[in-house]
1. Looking at the range 150-194, which of the residues that are over 20 Å from the mean Cα position of the chain (by Cα), buried (at least 19 other Cβ atoms within 10 Å of the Cβ) and assigned to a loop (DSSP other than H, G, I, E, B) is farthest from ligand 1 (Cβ to nearest atom)?
2. Across the range 110-126, what is the total count of residues that are in a helix (DSSP H, G or I) and either at pLDDT below 95 or surrounded by fewer than 24 Cβ atoms within 10 Å (Cβ to Cβ) (or both)?
3. Just give me the residues in the range 73-105 being surrounded by fewer than 19 Cβ atoms within 10 Å (Cβ to Cβ) and at negative phi, in sequence order.
4. For Val294, work out the one condition from (1) within 16 Å of ligand 2 (Cβ to nearest atom); (2) touching a helix residue (DSSP H, G or I) at 6+ places or on another chain (Cβ under 7 Å) it doesn't fulfil.
5. Is it true that Thr275 is away from ligand 2 (no atom under 16 Å from the Cβ), out of contact with any Cys (no Cβ under 7 Å at 6 or more places or on another chain), on the phi > 0 side of the Ramachandran plot and not small (Gly, Ala, Ser)?
6. Residues that are under 25 Å from Arg323 (Cα atoms): which helices (runs of 4 or more DSSP H) entirely in the range 203-306 hold 2 or more of them?
7. Can you tell me which of Val308, Val263, Val319, Val294 is away from ligand 1 (no atom under 15 Å from the Cβ), at pLDDT 95 or above and within 27 Å of Asp366 (Cα to Cα)?
8. Scan the range 297-306 and tell me whether some residue there is more than 16 Å from ligand 2 (Cβ to nearest atom) and out of contact with any helix residue (DSSP H, G or I) (no Cβ under 7 Å at 6 or more places or on another chain).
Amino acid sequence: MTTTDLPEANIPELDGTVNLADIEALGRSRLGRNALEYYASGANDEVTLAANRAGFRAIRLRPRVLVDVSDVDARTEVLGLPLSFPVGVAPSAFHGLAHADAELGTARAAASAGSVMTLSTFSNTPIEEVAQAAAGRFWFQLYLYTDREVSAEVVRRAEAAGARALVLTVDAPFLGRREPNERHRFALPPHLGVPNAGSREQLRAMESEAGSQLVNYFQGLVDKTFTWADLAWLRSITALPIVLKGILTAEDALLAAHHGAHVWVSNHGGRQLDTAVGSIEALPEVVDAVQGQVEVYLDGGITRGTDVLKAVALGARCVFLGRAALWGLAAGGEAGVRRTLDLLHDEVRLALALCGKQNIGQVGRDLVRL
Ligand SMILES: Cc1cc2nc3c(=O)[nH]c(=O)nc-3n(C[C@H](O)[C@H](O)[C@H](O)COP(=O)(O)O)c2cc1C
Ligand SMILES: CCCCCCCCCCC(=O)C(=O)O
């Protein structure tokens with residue numbers, strides 16, 4: 001249960017990393033300003049971005065002792081899929097900005113680590129190719145287009161390719177303002193397309209119509225009229241479990257459960273509504289509201305094994321990595337994402353043992369003091 005037990009990536013700088021902060025530093029050093037600002041930024045003053053991390057730091061653990069922890073097991077299950085530990089990869093757009101491996105690297109790393117990847121609608125790689133690389137370990141994240149038929153086609157493609165769940169992002173009818181990207185006019189390099197959101201030619205045409213601002217392209221594409229009542233339409237076009245990503249209140253969590261949807265607690269990594277509540281702070285009221293009727297997940301600010309345990313203790317079935325996976329990809333492609341997951345897995349097992357827990361099932365609210 002030490003970093004020396006981990007498989008080597010044979011990338012010297014990567015093998016020298018001992019935690020996710022080291023990988024972040026390496027990943028950042030490999031990116032130019034355009035990509036770095038896109039990945040790192042939060043909205044406005046980045047209050048929520050900071051709150052995500054601060055929320056975890058403020059929670060204290062209540063370890064038990066004199067328990068046999070010689071054989072610690074971090075395995076769990078999400079929607080029936082076994083995971084080697086309760087961590088998946090959150091959807092993020094444009095992995096091609098980080099590394100030539102792009103989404104294929106992330107998918108392979110997640111699959112080989114026994115994790116699960118959520119593929120963004122705005123990936124640089126088509127769903128079908130990522131599905132193969134993910135070996136069945138993937139969920140598909142959906143941004144609903146104004147053109148329902150286009151959305152239905154993307155959903156059909158994801159389902160046919162073997163996605164195990166549909167994750168509808170509900171916190172982004174408009175994009176939050178990531179000011180560094182606005183200031184420097186964030187752009188996708190010409191070699192990258194967005195094949196699940198139209199052809200490269202369509203993208204370039206819409207970008208130029210939208211004054212070369214990708215943000216305008218997004219705003220034009222996404223349906224802002226979609227409400228709870230429209231979930232019935234989504235249900236009618238897919239047999240996949242539906243997960244609503246971007247829930248932060250008990251009221252919305254209850255509505256989600258009433259509509260038969262699982263709940264992903266998230267503030268989009270602090271990139272949407274700034275000063276929104278930190279995700280770990282929002283988790284207890286959401287878990288209390290749904291009372292086990294549906295699964296609850298969480299993302300935002302996860303960088304340590306103890307963060308994972310705190311979220312599980314407060315009722316999350318599993319957590320997801322946004323930027324941490326991107327830093328891994330930038331640091332070393334597939335091997336970098338794998339290193340990120342391996343280090344975190346190692347930390348989760350050590351934290352379990354030091355908390356006096358033999359497995360994830362033993363982790364409950366009594367483990368934390370808020
Ligand atoms: C660069 C970047 C791109 C993202 N793209 C998407 C996306 O396409 N769809 C989505 O639902 N969320 C997207 N997110 C939000 C993540 O899924 C996730 O909620 C967030 O990153 C979690 O916070 P963390 O980065 O602190 O782990 C993106 C986040 C980042 C940092
Ligand atoms: C000013 C940034 C422009 C980015 C435009 C495309 C955004 C795609 C949506 C991805 C996402 O959810 C995100 O958080 O970014």
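The values are calculated or read from the model by the stated rules, or taken from the named source; none is laboratory data. Since this is a predicted model, take the numbers as computed values, not measurements. Cβ sites come from the backbone with ideal geometry, for glycine too, and all protein chains shown count toward neighbours.
1. If we take residues in the range 150-194 being over 20 Å from the mean Cα position of the chain (by Cα), buried (at least 19 other Cβ atoms within 10 Å of the Cβ) and assigned to a loop (DSSP other than H, G, I, E, B), then Gly193 is farthest from ligand 1 (Cβ to nearest atom).
2. 2
3. Matches in the range 73-105: Asp73, Arg75, Glu77, Leu81, Pro82, Ser84, Ala100.
4. Val294 satisfies all of (1) within 16 Å of ligand 2 (Cβ to nearest atom); (2) touching a helix residue (DSSP H, G or I) at 6+ places or on another chain (Cβ under 7 Å) except (1).
5. yes
6. 214-221, 279-290
7. Val294
8. Within the range 297-306 (the criterion being more than 16 Å from ligand 2 (Cβ to nearest atom) and out of contact with any helix residue (DSSP H, G or I) (no Cβ under 7 Å at 6 or more places or on another chain)), the answer is yes, since at least one residue qualifies.
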